[in-house]
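This report refers to the structure that appears directly beneath it.
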Amino acid sequence: MYQHTGEEYFDSKEFQQLLGKYEDALAAGEPVFMDSEELADIADYYQMTGQQDSADKAIALALELAPGSLAPLTYKIHEALYNGDIGEAEQLLEQIVDKQSPEFIYDKGEILLAKGLVDQAEDLFTSSMVLYQDDELQDFIIDVAGIYQDFNYADIAMRWMKMAKQEDTADYKELMARALFGVGKYKDSERIFNELIDVNPFSKRYWNALASAQFMNEEYSQSVQSSEYAIAIDPKDPESLISKANALYRLDNYEQALEYFRRYSAITPDDEFSLLHQGTCLVNLERHHEAVDILQKAIEAAPEDSPYLPDIYQELAFANSELGNYDKALEWIDRTEQLDCDHIQALVIKGHVMLTAGKIRQAEACFRKAVIESDNPNLTLLRIIVSLYDNKYVEASYALFKKYFRVVPEGHTDGYAYMALCCYDLKKYDEFLYYLKQACKLNPKECKLVLAHLFPDNVEPQDYYNYIKERMKK
């Protein structure tokens with residue numbers, strides 16, 4: 001049964017008729033009269049829709065009907081590279097009969113990139129340009145740019161895109177938008193994806209890409225909206241669900257973020273990233289028993305080399321600390337010592353747990369060691385002061401902030417919102433206004449993070465100081 005994909009060709013009547021003809025022939029036990037390219041397209045469709053066994057059968061049939069044909073061998077090469085089997089990819093490459101085609105050059109270049117031989121791939125692609133002219137050369141340049149983009153060489157992809165003539169086609173625009181995204185030009189990428197959506201508003205791929213560009217540009221509310229359009233097109237699309245979850249998380253909307261992380265995990269249950277963020281949402285919602293349970297599942301799902309293990313251990317430390325399980329919390333922090341992570345941050349968290357447990361001297365020792373060993377002692381000191389505040393040592397936090405602002409360099413932007421909150425709690429209102437003004441001017445993001453609970457939702461963080469001054473006039 002046909003499944004909607006969001007891909008223009010696979011959703012076309014032409015392809016649906018081709019797929020129907022293929023499936024009808026199989027169901028009737030009749031011979032399949034199709035060429036290898038058509039069968040490779042069918043395999044791509046099956047793979048995209050999660051029907052791997054059907055994809056394998058279609059590719060096997062293509063190679064049985066036409067051994068050495070380019071399209072099914074290219075499919076198998078991509079599959080081998082995805083599985084990390086470069087040796088198999090090289091063996092498959094040798095089986096291709098047409099070694100003069102651009103697709104053979106692409107396959108060879110992709111294998112070189114998978115081996116990390118970027119200069120050799122570049123030599124291959126550049127020397128092959130003389131084989132093509134006019135429209136063929138344009139297609140070759142754009143295809144090579146797409147290969148570099150797929151392998152996350154965004155700078156090289158952009159350089160190749162600049163060699164191409166500008167086109168008003170969807171494929172060209174999408175690749176340019178993705179290249180711009182790759183080099184950090186998120187606003188330009190967003191603009192092009194909006195143009196593409198104006199023409200094709202039912203492409204979940206475009207909506208997801210737009211959501212990603214908006215997310216990276218810190219336009220989290222807009223990113224949520226774009227993800228919602230993608231979800232409306234395909235309610236079970238994992239990319240759309242995790243994209244919305246991430247944006248909601250950045251908006252501190254932990255309840256809804258948790259819901260969408262869970263919806264994502266229902267489809268992709270072994271993704272430790274989602275399980276970690278469910279735990280973090282639960283910690284922020286002060287549902288610490290639930291947080292411990294889901295974070296334990298994250299550890300079970302995570303491979304030994306997962307980059308998320310330090311964060312999982314640290315969140316387990318926070319959750320156990322809040323439950324009064326201080327020894328268990330310290331055990332989780334100690335596990336980070338064997339990992340490649342920010343050990344200074346782990347020391348600060350260890351000090352925080354000690355402080356929560358009332359072990360003040362041990363906490364001081366951790367904090368002191370963290371500052372001494374830190375490459376950025378000002379940032380480390382700020383984390384320590386915030387820990388003191390979170391543990392209700394407000395006077396101590398205030399006193400340390402006084403020293404902190406005497407030693408930070410000119411142009412420093414962090415910490416003013418936290419100091420404003422200390423002054424507010426201590427009823428030092430003149431100082432509160434002074435540090436609030438500095439926070440609004442220098443770091444609105446921190447202002448919102450720390451002080452949003454003191455202001456109406458419709459007031460922007462950069463306007464917090466002016467809002468209070470206007471209220472004082474009344």
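Taken together, the values in this text are just the output of simple stated rules run on the coordinates, not laboratory data. On a predicted model such as this, the values are computed, not experimentally measured, just so you know. Positions of Cβ are generated from backbone atoms using ideal geometry, with glycine treated the same way; all protein chains shown enter the neighbour counts.
For the range 269-331, the extents of the C-alpha atoms along the principal axes are 29, 23, 14 Å, listed from largest to smallest. Per the Cα gyration tensor, the chain maps to an equivalent ellipsoid with semi-axes of 51, 26, 23 Å, ordered largest to smallest.
Principal-axis analysis of the Cα atoms of the chain puts helix 220-233 at an angle of about 40° to the longest axis.
Using the Cβ-Cβ distance between A365 and H343 with R0 = 22 Å, the FRET efficiency computed as 1/(1 + (r/R0)^6) comes to roughly 0.90. In the structure displayed, which of K328/K402; K392/K428; K185/K244 lie more than 23 Å apart, Cα to Cα? Listed pairs above 23 Å: K328/K402. Simple rule: put +1 on each Lys or Arg Cβ and -1 on each Asp or Glu Cβ in the chain, find the dipole, and look at H288, V386, L339; the Cα lying farthest toward the positive end is V386.
Determine the shape class of the range 408-464: with a ≥ b ≥ c the square roots of the Cα gyration tensor eigenvalues, call it rounded for a/c under 1.5, and otherwise prolate if a/b is greater than b/c, oblate otherwise. Verdict is oblate for the range 408-464. Direction-averaged projected area, Cα convex hull, the range 260-408: 9.3 nm², rounded to one decimal.
Assuming a ≥ b ≥ c are the square roots of the Cα gyration tensor eigenvalues, decide whether the range 342-409 counts as rounded (a/c under 1.5), prolate (otherwise, with a/b larger than b/c) or oblate. Oblate, because a/c is 1.5 or more while a/b does not exceed b/c. Where a Cα-Cα gap under 30 Å defines reach, which lysines qualify for K13, not counting those fewer than 8 residues away within the same chain? By straight Cα distance, K13 reaches K21, K57, K76, K173, K204, K236.
For the chain, find the longest principal axis of its Cα atoms and tell me its angle to the long axis of helix 288-301, 0 to 90°, nearest 10. Between the helix axis and the principal axis of the chain, the angle is about 40 degrees. For chymotrypsin sites (Phe, Trp or Tyr not before Pro), the sites in the range 9-83 that DSSP calls loop and that have at most 11 other Cβ atoms within 10 Å are Y9, F33. So how tilted is helix 102-114 from the main axis of the chain? Cα-based, degrees 0 to 90, rounded to 10. Tilt relative to the chain: about 30 degrees.
With a cut-off of 8 Å between alpha carbons and a minimum separation of six or more residues, what is the relative contact order of the chain in percent? Value for the chain: 5 percent. If a/c stays under 1.5 just call it rounded; otherwise compare a/b with b/c (prolate if a/b is bigger, oblate if not). Do that for the range 201-266, with a ≥ b ≥ c from the square roots of the Cα gyration tensor eigenvalues. Verdict is oblate for the range 201-266.
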